[in-house]
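Some notes on the structure that comes next.
Throughout, read-outs are computed from the coordinates displayed, never taken from laboratory work. If you're wondering where the values come from, they're calculated on a predicted model, not measured in any experiment. Cβ sites come from the backbone with ideal geometry, for glycine too, and all protein chains shown count toward neighbours.
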Amino acid sequence: MNATQTGEGAEPVISFRRPELDALLRIYGKMVAAGEWRDYAIDFLRDRAVFSIFRRTSESPLFQVEYRPALARRQGAYSLRGAAGQILKRGHDLSGVLSVLDRASLKLVSAD
């Protein structure tokens, strides 16, 4: 867990660690280069950190990767949510959760 204090007496804020951000931005960069995604947002909240992925800035997020340390011993601290809020993957390892996004980027190409 990476919790930081933002000032005296302030509550800790949950955030992604550097290796986690590297993994998130690596997949994001691949999808931007493919023309699939255009924007992202990172929110550091009291109980979770959220990396939101957008096709266009004005739309709702296509995917949200959440880090919730409170769930680390249960279902896993990481989860991937779809556009409708459904949980697509949950786990203890971020790379396993992000593997869904790698598979989602594969497209069927006709042999014509």
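Brief remarks on what is shown
- Given charges at beta-carbon only (K, R positive; D, E negative), |dipole| of segment 49-92 in Debye: 160
- Most positive-pole-ward Cα, V32, L21, G76, against dipole of segment 11-101 from beta carbon charges: G76
- Computed from the C-beta positions of R73 and R17 and an R0 of 25 Å, the FRET efficiency is 0.85 to the nearest 0.05.
- Ranked for footprinting exposure by Cβ neighbours inside 10 Å, fewest first, V97, V32, V50 give V32, V50, V97.
- A crude spin-label estimate for the pair I87 and I42, with each label 7 Å from Cα along the Cβ direction, gives 2.4 nm.
- Sites E59 and D102, calculated FRET efficiency, Cβ-Cβ separation with R0 25 Å, nearest 0.05: 0.70
- Residues whose amide H lies under 5 Å from that of L62, counting only those 5 or more places away or on a different chain, are I53, F54, R55; hydrogens are built 1.01 Å from N in the peptide plane.
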